[in-house]
């Protein structure tokens, strides 16, 4: 399923998108926007993962749960 949305973009970005489409490097304007959004979302997730690994994320309460779980036997 997909949902159609309306987005306003600066003329220079639209021109670059149209160049990608007309050169055959993209199927459509929508495909360029979709790829860009997917790339940005992957970047955001990666940045969040780095923050978690560096200990910069706020405590979500899971550390206490993990410590409790480690203290229990599997039996």
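Nothing in this text is a laboratory measurement; each read-out follows from the coordinates by a stated rule. Computed from a predicted model, the values in this text were never measured in an experiment.
Tabulated results
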read-out	value
Folded to 0 to 90 degrees: helix 29-53 orientation relative to the chain principal axis, Cα	20
Entry for Cα extents along the principal axes in Å (calculated from the structure that is shown) out of [x] 55, 48, 30; [y] 41, 23, 17; [z] 62, 28, 22	[z]
Using alpha-carbon coordinates, inclination of helix 11-22 to the longest axis of the chain, degrees	80
Mean ellipticity per residue at 222 nm, deg cm²/dmol - from DSSP H runs of n ≥ 4 across the chain, formula -39500 (n - 2.57)	-20000 deg cm²/dmol
